[in-house]
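What follows is a set of notes on a single structure, which appears directly below.
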Amino acid sequence: MDAKNAAEVKDAVDAKNAADAKGAADAKDTAEVKNATDTKDTADAMKNRPVGLPAELDEIDRKLINLIQLRFPVSKHPFEEIAAEIGTTEDIVISKLTRLKNEGVVRRIGPIINTRGIGGTNTLAAVKVPDNQIEKAAAVINKYAEVSHNYLRNENYNIWFTVSAPTQERLDLILSEIQTELDCPLLNLPTVKQFKIQVNFHV
Amino acid sequence: MSENPENEKTNEITNEKRYSVDEADEKLIRLIQDGIEFTHSPFEKCAEELGISEDEVVARLKALIEGKKIRRFGASIGHLALGFTANGMGVWDIPPDKVEETGKKMASFDEVSHCYERPPTPDWPYNMYTMIHCRSQEECKAVAERISKTIGITNYQLVFSERELKKKGVRI
């Protein structure tokens, strides 16, 4: 392991330790913590791996990960096509992807929905909640199926989340219900112009 | 597969006011939006369920992508599992007449996954947002500094995520 990787691993471990310490501090009400975080995907991302360390990847894993993000073949037998492209067998592709899914590297392979493309609307919102209200606020916000992402951030406005809904009325209702229930300042920051959306983790 | 986890409520309004996709497409999306199985014929079950052929399923998916109703079909990656543990939201105060050219420059950075113009508010004066994913906060900061130099604007903050409270992707 070279120095750069060692530093990265250390950062990752530090980050995990910091998160653990934070988790422990917040865990006075464990049940609430459990409810507050939409744990399924997040927990998946952590399972079957050494704590705090990134998943170990071989050459085929890397090729797979890079390919299936942006160039997944939409066809009857996509894994066969992928195998042909990276020079391996379909069985190996499937077993590798299954392992990567178990390790939380691949969350799912499916359609990434364009909310506005199907007539819906979305926004980025933030709330400013006291530190001792974070778990409650997360639970209040996460209970809406329309909330797709939610992050605790190091700012006065400390909880940032995205909401997608079929109509502006529904979106406004969700935000007003959240604001009423939490009784805190809320920012509603709908997209004025999208310059880029290209999530691609090259490994 | 389309059922929400127990802790989420699906409001009646959502059920009444659907997105504007036709019924067959909506059914199709609901069947696969939580992810396809890793098998030789991942669309077989879905085709059976819909009473159409696998070729038709594939054709419908391609049409949905073509029509920009689906942004793409592919993998959602658990960036934490790959070691991309630093997630910095850059918030920038850009003069309104510079937004267009600045946005294009910001978008050209590989490390920037999302770049949006959003309305400034009295309490939060920023009008441009860049999501930066890196393996460390230091790397994120270095990227933000490079962006700042490139666009000639220093009025920004990099707001790091401390904890992922939910990440799910959009579902209908």
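Just so you know, all these numbers are worked out from the coordinates, no wet-lab data involved. Please read all numbers here as calculations on a predicted model, not as lab measurements. Because the Cβ atoms are built from the backbone with ideal geometry, glycine has one as well, and the counts that use them run over all protein chains shown.
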Placing +1 at every Lys and Arg Cβ and -1 at every Asp and Glu Cβ, with all other atoms neutral, what dipole size does region A:92-136 have around its Cα centre, in debye to the nearest 20? 220
Per the charge dipole of chain B (beta-carbon charges, Lys/Arg positive, Asp/Glu negative, Cα centre), the residue among B:G83, B:P122, B:I151 reaching farthest to the positive end is B:I151
Any idea which of A:V93, A:I68, A:F79 is furthest toward the positive side of the dipole for region A:59-102, if Lys and Arg beta-carbons carry +1 and Asp and Glu beta-carbons -1? A:I68
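Compute the FRET efficiency between B:D97 and A:V192 as 1/(1 + (r/R0)^6), taking r as their Cβ-Cβ distance and R0 = 22 Å, and round to the nearest 0.05. Let's see the in-between values first.
Values: r = 14 Å, r/R0 = 0.65.
Step by step, r from the Cβ atoms, then E = 0.95.
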HN-Hα couplings for region A:185-196 via Karplus (6.51, -1.76, 1.60; θ = phi - 60°), in whole Hz with x for Gly/Pro, come out as x, 9, 9, 10, 10, x, 4, 8, 8, 9, 9, 7
Take every residue in peptide A:151-159, count the Cβ atoms of other chains within 10 Å of its Cβ, and give the average of those counts. 5
Centre separation in Å (Cα based) which lies between region A:133-187 and region B:98-172: 20
Given the options B:T121, B:T154, B:T102, which has the most mean-square fluctuation in a GNM of chain B, springs set between C-alpha atoms less than 10 angstrom apart? B:T121
Sparsely packed trypsin sites (Lys or Arg not before Pro) within region B:57-126, loop by DSSP, other Cβ within 10 Å at most 15: B:K68
So if I take the centroid of the Cα atoms in region B:34-60 and the same for region A:64-115, what is the distance between those two points in Å? 15
Say a paramagnetic label sat at a point 7 Å from the Cα of B:E26, along Cα to Cβ; which residues of region B:52-69 have their backbone N under 17 Å from it? B:64, B:69
Using a simple spin-label model with points 7 Å from Cα along the Cα→Cβ vector, what separation in nm is obtained for B:E49 and B:R18? 1.5
Which value in deg cm²/dmol, rounded to the nearest 500, describes the helix-derived mean residue ellipticity at 222 nm for chain B, given -39,500 (n - 2.57) per DSSP H run of n ≥ 4 and division by the residue count? -10000 deg cm²/dmol
Point-charge dipole on Cβ atoms (K/R +1, D/E -1) for region A:59-102, about Cα centre, debye to 20: 220
Restraint check, A:K76/A:K196; B:K105/B:K166; A:K76/B:K167; A:K136/B:K168; A:K128/B:K166; A:K128/A:K196, Cα-Cα greater than 25 Å: A:K76/A:K196; B:K105/B:K166; A:K76/B:K167; A:K128/A:K196
